[in-house]
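Colleague: Shown below is the structure under consideration.
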Ligand code: GLN
């Protein structure tokens, strides 16, 4: 079937030379959303009129001969946890279902200033807590490679929107793997930048010491270009790094000279690793050897504590961050039961109307996974348990960071699988939190250490499910990661494919 261009780096030159207008390309993606989203359900909301207006504006600027950025007029989707003034920002939660932000997230402003055209907001696990995009109020998104399977999470809608060519690019967020795992499951590329490389201003917080936003695209070159747009210091986010932004786009084509890649033994030898994923990893390692890279085994001995550490720190921070959703300040407010108000006035020990409003708004507004994490986090921060859990977890976090520091003393980057298995079935793990949490085994380390990590497709299973490899590097080594990943895609002649369900 004759397919309209859907890869950002192939669309860009057509836009620049005016062979294609932004209105035409935006229209073609909107038509795909209309046609495909009823089965994929990648979007929580989209607004064709707004997108077409933004596209028309870029077309006018281009026609007037204005100097525009390389991606002016390019459509993009955005995870619905990043604030936008012209659409609701729901976080996939009933509690924020009708929340309209008075400001755009910093990175959304950057996208708009660069002329990117926002198509809509993508589905996620509620407040980004999950690994399957099943826990939000809208229900699951589906993996375009097999609609009965998860597209991963929590940025599953973003990954699925790119994999199904409903958008050439997307922005997701990654607190413990939420960009990389969905990228791996959907056969696209995704990058979690160094903590602080992209501003978190206007990114609704899940776990503030771990959250980071980053790009999705079909190719590593797409990631480089999109990171170039969104990276940089922002004085409104005190954790954003005041260091210059590299030339990512220039870096990817630099030759790979004497690159040393560490293979994470604990990840490759993990007994839970799916044999087909292991096979794909062995082939990827061989490919890098062929390309002249030296491959050495490295060990991250504290990996075994990563899940436990993450699932103490993240819920602790979440319990505190989510306390602001109380029915009084934002979004959903449960009605107060007037019988109870009268009962209280008559001397009953019922909750006061205010406490009742808080309690009912939160118990009706949050879903069960979010409640589980708020309770876990409240427990680990409570007096008597703080030292045993939270403080201990912070110490182990430091050890995990040291493991990486030691590894990067002898290698440039480390390589391993992104996920233990390919995409699992919808409904398979959502009622078994511990099994779901184990999915994050290979991804949470990068968030705990604050380092950049990228996932790219490196093959498929016999049944046609994508497999992802993860490359992690030292803080601010995004250029290196992109260069090494791009070299792989060039060497194997990587060509993004569309799943049959969305052709
Ligand atoms: N699956 C992890 C969790 O549930 C990661 C989520 C994320 O990165 N936002 O916390």
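Colleague: Does residue 377 count as under 24 Å from the mean Cα position of the chain (by Cα), farther than 15 Å from residue 312 by Cα and within 16 Å of the ligand (Cβ to nearest atom)? Walk me through how you get there before you give the answer.
Modeller: Numbers: under 24 Å from the mean Cα position of the chain (by Cα): yes; farther than 15 Å from residue 312 by Cα: no; within 16 Å of the ligand (Cβ to nearest atom): yes.
Criteria not met by residue 377.
Colleague: Still on this structure, I have one more. May I ask you to verify whether residue 414 is free of Cβ contacts under 8 Å to residues at least 60 places away in the same chain and closer than 30 Å to residue 466 by Cβ?
Modeller: For residue 414, the condition - free of Cβ contacts under 8 Å to residues at least 60 places away in the same chain and closer than 30 Å to residue 466 by Cβ - is not met.
Colleague: Here are some conditions: (1) touching a residue at least 12 places away in the same chain (Cβ under 8 Å); (2) within 16 Å of the ligand (Cβ to nearest atom); (3) within 19 Å of residue 128 (Cα to Cα). Residue 427 meets all but one. Which one does it not meet?
Modeller: Status for residue 427: all satisfied but (2).
Colleague: Taking segment 1-34 as the region of interest, how many residues are assigned to a loop (DSSP other than H, G, I, E, B) and free of Cβ contacts under 8 Å to residues at least 60 places away in the same chain?
Modeller: The qualifying residues number 8.
Colleague: Can you pull out the strands (runs of 3 or more DSSP E) entirely within segment 43-150 that have at least 3 residues that are within 15 Å of the chain's Cα centre (by Cα)?
Modeller: The strands (runs of 3 or more DSSP E) meeting that bar are 75-79.
Colleague: Among 147, 169, 107, 124, which is the only one that is crowded, with 24+ Cβ neighbours inside 10 Å and either more than 25 Å from residue 317 (Cβ to Cβ) or at pLDDT below 95 (or both)?
Modeller: Working: 147 fails: crowded, with 24+ Cβ neighbours inside 10 Å; 107 fails: either more than 25 Å from residue 317 (Cβ to Cβ) or at pLDDT below 95 (or both); 124 fails: either more than 25 Å from residue 317 (Cβ to Cβ) or at pLDDT below 95 (or both).
Result of the check over 147, 169, 107, 124: 169.
Colleague: Go through segment 435-462 and give me each residue that's part of a strand (DSSP E or B), more than 14 Å from the ligand (Cβ to nearest atom) and in contact with a helix residue (DSSP H, G or I) (Cβ under 7 Å, 6 or more places away or on another chain).
Modeller: Within segment 435-462, 454, 456, 458, 459 qualify.
Colleague: Now a separate question. Only one residue in 119, 147, 124 is more than 16 Å from the ligand (Cβ to nearest atom) and closer than 23 Å to residue 48 by Cα. Which one?
Modeller: Matching residue, one of 119, 147, 124: 119.
Colleague: Could you please let me know if residue 208 is touching a residue at least 24 places away in the same chain (Cβ under 8 Å) and surrounded by fewer than 23 Cβ atoms within 10 Å (Cβ to Cβ)?
Modeller: On the way: touching a residue at least 24 places away in the same chain (Cβ under 8 Å): yes; surrounded by fewer than 23 Cβ atoms within 10 Å (Cβ to Cβ): yes.
Yes; evaluated as a whole, the condition is true for this residue.
Colleague: Name the helices (runs of 4 or more DSSP H) wholly inside segment 173-290 in which the number of residues that are within 16 Å of the ligand (Cβ to nearest atom) is 1 or more.
Modeller: 180-186
Colleague: While we're looking at this one, here's another question. Does segment 415-429 hold any residues that are within 13 Å of residue 152 (Cβ to Cβ) and not in a strand (DSSP E or B), and which are they?
Modeller: Within segment 415-429, 418, 419, 420, 421, 422, 423, 424, 426, 428, 429 qualify.
Colleague: State yes or no: is residue 305 modelled with pLDDT of 95 or more, under 20 Å from residue 477 (Cα atoms) and in a helix (DSSP H, G or I)?
Modeller: No; evaluated as a whole, the condition is false for this residue.
Colleague: I've got another one for you. Could you check, for segment 13-34, whether at least one of its residues is under 22 Å from residue 79 (Cβ atoms), within 26 Å of the chain's Cα centre (by Cα), loosely packed, with under 15 Cβ neighbours inside 10 Å and modelled with pLDDT of 95 or more?
Modeller: yes
Colleague: Still on this structure: Among what's in segment 35-54 and is farther than 22 Å from residue 85 by Cα and free of Cβ contacts under 8 Å to residues at least 12 places away in the same chain, pick the residue that is surrounded by the fewest Cβ atoms within 10 Å (Cβ to Cβ).
Modeller: Only one residue fits best here, namely 38.
Colleague: Please work out if residue 76 is crowded, with 16+ Cβ neighbours inside 10 Å and touching a strand residue (DSSP E or B) at 6+ places or on another chain (Cβ under 7 Å).
Modeller: Against the criterion (crowded, with 16+ Cβ neighbours inside 10 Å and touching a strand residue (DSSP E or B) at 6+ places or on another chain (Cβ under 7 Å)), residue 76 qualifies.
Colleague: Look at segment 246-276 and say how many of its residues are over 12 Å from residue 482 (Cα atoms) and either surrounded by 16 or more Cβ atoms within 10 Å (Cβ to Cβ) or touching a strand residue (DSSP E or B) at 6+ places or on another chain (Cβ under 6 Å) (or both).
Modeller: Within segment 246-276, residues that are over 12 Å from residue 482 (Cα atoms) and either surrounded by 16 or more Cβ atoms within 10 Å (Cβ to Cβ) or touching a strand residue (DSSP E or B) at 6+ places or on another chain (Cβ under 6 Å) (or both) number 14.
Colleague: Which of the residues spanning segment 381-405 are outside any helix (DSSP H, G or I) and touching a helix residue (DSSP H, G or I) at 6+ places or on another chain (Cβ under 7 Å)?
Modeller: Correct list: 381, 385.
Colleague: Tell me which residues, restricted to segment 333-380, are more than 24 Å from residue 91 (Cα to Cα), at pLDDT 80 or above and outside any helix (DSSP H, G or I).
Modeller: 352
The values are calculated or read from the model by the stated rules, or taken from the named source; none is laboratory data. None of the values given here were measured: they were computed from a predicted structure. With ideal geometry, Cβ positions are generated from the backbone for all residues, glycine too; neighbour counts draw on all protein chains shown.
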